[in-house]
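The values are calculated or read from the model by the stated rules, or taken from the named source; none is laboratory data. Source: prediction; values computed, not measured. Positions of Cβ are backbone-derived with ideal geometry, glycine not excepted, and every protein chain shown enters the neighbour counts. Please note that ligands, DNA and RNA were not included when accessible areas were found on the heavy atoms of the full protein model with its side chains. Shrake-Rupley method; radii C 1.70, N 1.55, O 1.52, S 1.80 Å.
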Amino acid sequence: MILDLDIGNTLSKWRLKDVDSSEIRSRGAVWTREEWRPGADIPDLDVVESVRISSVARKAVLDDTVSLLRRRVPNVFVARSTREALGVLNGYEEPGRLGVDRWMGALAGYQLAGGCCAVDCGSAITVDFVIPGGYHLGGYIIPGLRLMKESLKLGTRNVAIDPESEAAELLEPGRRTVEAVNHGIYMAAVSAINRIYSEVCDQQEVALPMLLTGGDARVVSRGVQVPHAVWPDMVYGGLEASFPLTPAERAGRMSGAPVVPSPVSLEKIRAGLAFSMLL
């Protein structure tokens, strides 16, 4: 079995993948912690022969995790943000400072679409661009839905946005404080994503497919106005492309990869941007 770990600052996700069939056998998530308990926090390592890790947690957390795993597992692969990988040139002035989860998403998106806008809707919302030819432009970071709500300190932090809500409902004026907060932060998030996408496509003179991932991707996607696809395993896709271990991965197939959405024309993007600037 292959154990894939996506370690965040607050939440860590894992999945078990069969080496021969490439099937996902199980998956889960736990709060990121200083000390892992195999068999409780993560699967029993007796069935694992390889581990792939993407981590944005503190260095001490990653070091302790790798130390534990290397005592129990033959192969441990740790993703790093580099100057170049898999045909993509990192756009950061200091490539190692780009969050490795963003780098994995950019690599996965490029392998799938040959250029994309990769949006990760987690604690923070990150928006990264890779244009055809493999140049990573850099990106944007804005507070995620939960962080925006917590910053208001209005006692509504524990009332989450219903992930089944329709965008039209979430964009209406709220009639209670909790609704006003939820609808306001939702409007801020989706408006920022829509505007960022249009501005960058206009500047670069290219219409790119958009791919969304992260815990809030499905609810955020309902307010995104351009063709897009939700890919929950996009970071894992970057790990698969970076460290291919199964026959399917070596053939370039990434688990759960969606059909690439066809973007609208650049003319329509520019027309919408021009209209929004008149309002």
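Restricting the search to the stretch 40-58, which residues are over 24 Å from Ser22 (Cβ atoms) and either more than 25 Å from the chain's Cα centre (by Cα) or at pLDDT 90 or above (or both)?
Selection gives Ala40, Val56.
Report, by residue number, each residue of the stretch 229-279 that is under 20 Å from Val119 (Cα atoms), touching a Phe, Trp or Tyr at 6+ places or on another chain (Cβ under 9 Å) and outside any helix (DSSP H, G or I).
Met254, Ser255, Gly256, Ala257, Pro258
Which condition breaks for Asn75 when tested against (1) under 17 Å from the mean Cα position of the chain (by Cα); (2) more than 23 Å from Asn9 (Cα to Cα)?
The failed condition is (1).
Which members of the stretch 141-198 meet the condition of being at pLDDT below 75 and among the acidic types (Asp, Glu)?
Hits for the stretch 141-198 are Asp162, Glu164, Glu166, Glu169.
Can you tell me how many residues within the stretch 190-223 are at negative phi, part of a loop (DSSP other than H, G, I, E, B) and surrounded by fewer than 21 Cβ atoms within 10 Å (Cβ to Cβ)?
Applying the first criterion (at negative phi) to the stretch 190-223 yields 190-204, 206-213, 215-223.
Next, only the ones that are part of a loop (DSSP other than H, G, I, E, B) stay: 206-209, 215-216, 222-223.
Filter again for surrounded by fewer than 21 Cβ atoms within 10 Å (Cβ to Cβ), leaving 206, 215, 222-223.
Summing the residues that are at negative phi, part of a loop (DSSP other than H, G, I, E, B) and surrounded by fewer than 21 Cβ atoms within 10 Å (Cβ to Cβ) in the stretch 190-223 gives 4.
Which is farther than 18 Å from Ile2 by Cα, more than 18 Å from the chain's Cα centre (by Cα) and either buried (at least 20 other Cβ atoms within 10 Å of the Cβ) or not assigned by the TED database to the domain that holds Met210 (or both), of Asp101, Asp64? I'd like the intermediate steps shown before the answer.
Values: Asp101 fails: more than 18 Å from the chain's Cα centre (by Cα).
Result of the check over Asp101, Asp64: Asp64.
Could you say which residue among Leu69, Leu107 is assigned to a helix (DSSP H, G or I), open to solvent by less than 60 Å² (accessible area, probe 1.4 Å) and assigned by the TED database to the domain that holds Val51?
Working: Leu107 fails: assigned by the TED database to the domain that holds Val51.
When all the criteria are applied, what remains is Leu69.
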